[in-house]
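Peer 1: First the structure, then my questions, so here it is.
Nothing in this text is a laboratory measurement; each read-out follows from the coordinates by a stated rule. Remember, predicted model here, so these are calculated numbers, not experimental data. Virtual Cβ from ideal backbone geometry, glycine too; neighbours counted across all protein chains shown.
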Amino acid sequence: MRNNTSDGSAAEVSQWAEGAHGNAAHLAAMVGVTREQFEADPLASLPGLQNYVSRLPLGEFEQSDWITLHTDLVSFLGDVLVRRRGAHWMKVDDPEAPTGYRYFIEGTGFDGQAHQVEPYDVVMEEFEHLPIDIARMLANAEAVLHVSSAPQGDD
């Protein structure tokens, strides 16, 4: 996989990042966090978001419900990593993906190296280990990026 950094791609990534931020802000508003609170600290929405997902009737979800929840959590996760950890969205070529590319978050770890995580995979992993735990999901992504304070093993 390669980072696709053409000017057109940079504009696409910027648009993607803005969309994710807007969706995360909308999600925060839905759980009672004002735009001002969310802009000051995206984690302000974590308790409300956890309460929201904990109350969802996941056993009754249809595919469209899972897709919506997945998209919302990807937006939240990506936005927190971008805004609190100085990471950024990037578009990576992937001939095996249906679109030919995927979006990753890249950040510089405490080790000074660049690391990447795919928020879609992190959220999907959370869905496979119910109940959904937003803090665990975020911690898993931070561990992959090497931006958490926990010691990191060799990858």
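Peer 1: In whole Å, what is the distance between the alpha-carbon centres of the range 53-70 and the range 101-126?
Peer 2: Each part's Cα centre sits 24 Å from the other's.
Peer 1: Given a cut-off of under 8 Å on Cα pairs at least six residues apart, what relative contact order in percent is computed for the chain? Walk me through the numbers on the way to the answer.
Peer 2: Numbers: 185 pairs, mean separation 34.3, N = 155.
Worked out over the chain, it gives 22 percent.
Peer 1: Fewest to most neighbouring Cβ within 10 Å: what's the order for Val92, Val123, Val82?
Peer 2: In increasing order of surrounding Cβ atoms, one gets Val92, Val82, Val123.
Peer 1: Quick one, which of (1) 105; (2) 528; (3) 130 is the actual volume of the Cα convex hull per residue in Å³ calculated for this model?
Peer 2: (3)
Peer 1: Please give me, ordered by residue number, the GluC sites (Glu not before Pro) of the range 61-146 that lie in loop per DSSP and have at most 13 other Cβ atoms within 10 Å. Can you show the working numbers first?
Peer 2: Numbers: sites: Glu62, Glu96, Glu106, Glu125, Glu126, Glu128, Glu142; in loops: Glu62, Glu96, Glu128.
Qualifying residues, ordered by number: Glu62, Glu96, Glu128.
Peer 1: What ranking do Ser75, Ser149 get, fewest neighbouring Cβ atoms within 10 angstrom at the top?
Peer 2: Least to most surrounded, the residues fall as Ser149, Ser75.
Peer 1: If R₀ is 22 angstrom, what is the calculated FRET efficiency for the pair Ile67 and Asp121, using the beta carbon separation as r and rounding to 0.05?
Peer 2: On the way: r = 15 Å, r/R0 = 0.69.
That gives a FRET efficiency of 0.90.
Peer 1: Taking the Cβ of each residue in Ile134, Ile105, Ile67 as the centre, tally the other Cβ atoms inside 10 Å and list the residues starting with the fewest.
Peer 2: Details: Ile134 23, Ile105 27, Ile67 11.
Listing Ile134, Ile105, Ile67 from fewest to most nearby Cβ atoms yields Ile67, Ile134, Ile105.
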